[in-house]
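Reviewing the structure listed below.
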Amino acid sequence: MYSEVQGDDLAPGDHEDDAMARPELPLDGVYNPTIPVEPPKFVEIPRSNKEKRNWSNTKQNLSLDLVRLQDNSLLEMKDEGKCLSMHQPWASLLVTGIKQTEGRSWYTTHRGRLWIAATVQEPTVDTISSVEKMYKTLYQGGKGLKLPSEYPTGCLLGSVDIIDCLARDDYIAKFPNGECDDAYVFLVENPRQLTIKFPVKGQHKIWKLPKDIHSAAKKSCHLLI
């Protein structure tokens, strides 16, 4: 695209270096890449303190909105078969959406779907009555509150999505009338119940479901609206 000056084409008295230093201008805006050009320099336009603060707030709000959108999408997709064993009646209350937090003495980094399994320990009538009474109080007398008709044990009940894990002080500051008083509190949403309760043997902390149980459970789990 650009002309090259050959040594044989030099006029008398010319030097090769001088000819190479005077290449013809390229056509159609194409430039000779052999010509050294100083790279452009970035010059920041000064802003007033008020403009800087406004821009900073705008960026932060945009970032938070993007994170929320990404988190919601990721929560829908992230299902690694992680499971938590719970005693009844709290396990059923969690997957029915009545109980919206779960307390533990340990922190978890897990976010996304968490399957809930009921332990084999049968709840007493007094325990069920006491816990149901507490939630009726939390729900302003229990009007419109649909409690479970049964509390099965030794089986997989459904799932929830963990959206956060807060330390006790942070939880109390955010939810002063909350139901938990444990060292760490899992905040959950999107409760789902299984139409078929699969027998499982629970383990400590968060554990992984067998592949066959996990695959079957995903097909029979329904989101509660």
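Total residues in segment 137-173 satisfying the condition of being open to solvent by 80 Å² or more (accessible area, probe 1.4 Å) and hydrophobic (A, V, I, L, M, F, W, C): the figure is 2. Look at Val160 and say whether it is assigned to a strand (DSSP E or B) and either among the β-branched types (Val, Ile, Thr) or at pLDDT below 95 (or both). Judged against the criteria, Val160 is a match.
Among the residues of segment 91-104 satisfying the criterion of being in a loop (DSSP other than H, G, I, E, B) and among the polar types (S, T, N, Q), which is least open to solvent (accessible area, probe 1.4 Å)?
As a first pass, look at segment 91-104 and keep what is in a loop (DSSP other than H, G, I, E, B): 96-100.
Filter again for among the polar types (S, T, N, Q), leaving 96, 100.
Values: Thr96: 35, Gln100: 100 Å².
Applying the filter and picking the extreme gives Thr96.
For segment 117-133, the set of residues classified as without any contact (Cβ under 8 Å) to a residue 24 or more places away in the chain and not basic (Lys, Arg) consists of Thr124, Val125, Asp126, Ser129, Ser130, listed by residue number. Which of the residues belonging to segment 135-146 are within 31 Å of the chain's Cα centre (by Cα), at pLDDT 85 or above and assigned to a helix (DSSP H, G or I)? The one that is within 31 Å of the chain's Cα centre (by Cα), at pLDDT 85 or above and assigned to a helix (DSSP H, G or I): Tyr135.
Condition first: buried (at least 19 other Cβ atoms within 10 Å of the Cβ) and in a helix (DSSP H, G or I). Now tell me which residues in segment 176-225 satisfy that. Scanning segment 176-225 gives a single hit, Ala217. No other residue among Glu132, Glu150 is among the charged types (D, E, K, R) and either assigned to a strand (DSSP E or B) or under 24 Å from Cys221 (Cα atoms) (or both) apart from Glu150.
Residues in segment 105-130 that are under 22 Å from the mean Cα position of the chain (by Cα) and open to solvent by 50 Å² or more (accessible area, probe 1.4 Å): Tyr107, Thr109, Arg111.
The values are calculated or read from the model by the stated rules, or taken from the named source; none is laboratory data. Quick caveat, the model's predicted, so the values are computed rather than measured. With ideal geometry, Cβ positions are generated from the backbone for all residues, glycine too; neighbour counts draw on all protein chains shown. What goes into the accessible areas is simple: the full protein's heavy atoms, side chains included, and nothing from ligands, DNA or RNA. Shrake-Rupley method; radii C 1.70, N 1.55, O 1.52, S 1.80 Å.
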